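To start, the structure under review is shown below, and the notes come after it.
The values are calculated or read from the model by the stated rules, or taken from the named source; none is laboratory data. These figures come from a predicted structure and were not determined experimentally. Cβ atoms come from the backbone with ideal geometry, glycine included; neighbour counts cover every protein chain shown. These accessible areas exclude ligands, DNA and RNA; they are computed on the full protein's heavy atoms, side chains included. Shrake-Rupley method; radii C 1.70, N 1.55, O 1.52, S 1.80 Å.
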Amino acid sequence: YVSGCKDGVIRIFDGAHSFSGELKGHENAVTSLAWLPLSCSDDSSPDKELLLSGSWDGTARVWSLSQMECMAVLGGHENTVSVVGLPPLDGSHGSIGRVATASAGIAQGNRIVDHKVRIWHISPSAGSY
């Protein structure tokens with residue numbers, strides 16, 4: 001299992017609850033975590049799912065746990081980001097899945113404005129998937 005922490009680090013634990021590693025890259029608290037099951041037909045991929053994270057730094061990240069590295073940064077959000085993993089659309093060529101991100105918007109006076117939901121199509125990159 002994984003835990004998103006206020007220091008921006010994602011900590012990874014095994015089934016016996018022992019610490020087994022960490023993922024660094026966010027510049028502020030990790031506020032959201034989700035899994036993206038892979039739908040690719042390439043069985044040579046070591047990952048069967050990718051980890052998604054959202055943060056107060058205004059980014060979402062896509063992580064490979066087998067490589068222990070960030071595969072993509074999804075930026076441009078207004079502030080904190082929530083993430084959800086979605087399957088690819090039928091007929092979407094080269095896509096292994098989709099990520100929905102939502103940001104809380106911007107406070108203007110007593111209102112929140114410009115909150116957005118974005119859908120990202122995740123495709124294999126050269127040498128990755």
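Points to keep in mind about this one:
- Contacts under 9 angstrom Cβ, first residue in the range 105-129 being aromatic (Phe, Trp, Tyr), partner modelled with pLDDT under 80 and surrounded by 10 or more Cβ atoms within 10 Å (Cβ to Cβ), 6 or more apart: 129/38; 129/40; 129/45; 129/47; 129/96; 129/123
- Subset tally (residues that are at pLDDT 90 or above, under 7 Å from residue 103 (Cα atoms) and among the β-branched types (Val, Ile, Thr)) for the range 71-86: 1
- When residue 52 is tested against (1) more than 11 Å from residue 122 (Cα to Cα); (2) assigned to a strand (DSSP E or B); (3) at pLDDT below 95; (4) not small (Gly, Ala, Ser), just one condition goes unmet, and that condition is (3).
- Against the conditions (1) under 16 Å from residue 35 (Cα atoms); (2) touching a strand residue (DSSP E or B) at 6+ places or on another chain (Cβ under 6 Å); (3) not basic (Lys, Arg), residue 69 satisfies every one except (2).
- Criterion (surrounded by fewer than 19 Cβ atoms within 10 Å (Cβ to Cβ), in contact with a strand residue (DSSP E or B) (Cβ under 8 Å, 6 or more places away or on another chain) and either of a type outside the set (Asp, Glu) or at negative phi (or both)) met by exactly one of 112, 96: 112
- Residue ID - modelled with the highest pLDDT, chosen from residues in the range 24-38 that are more than 21 Å from residue 79 (Cβ to Cβ) and surrounded by 17 or more Cβ atoms within 10 Å (Cβ to Cβ): 36
- Residue check for residue 41: open to solvent by less than 60 Å² (accessible area, probe 1.4 Å), in a loop (DSSP other than H, G, I, E, B) and at pLDDT below 80: no
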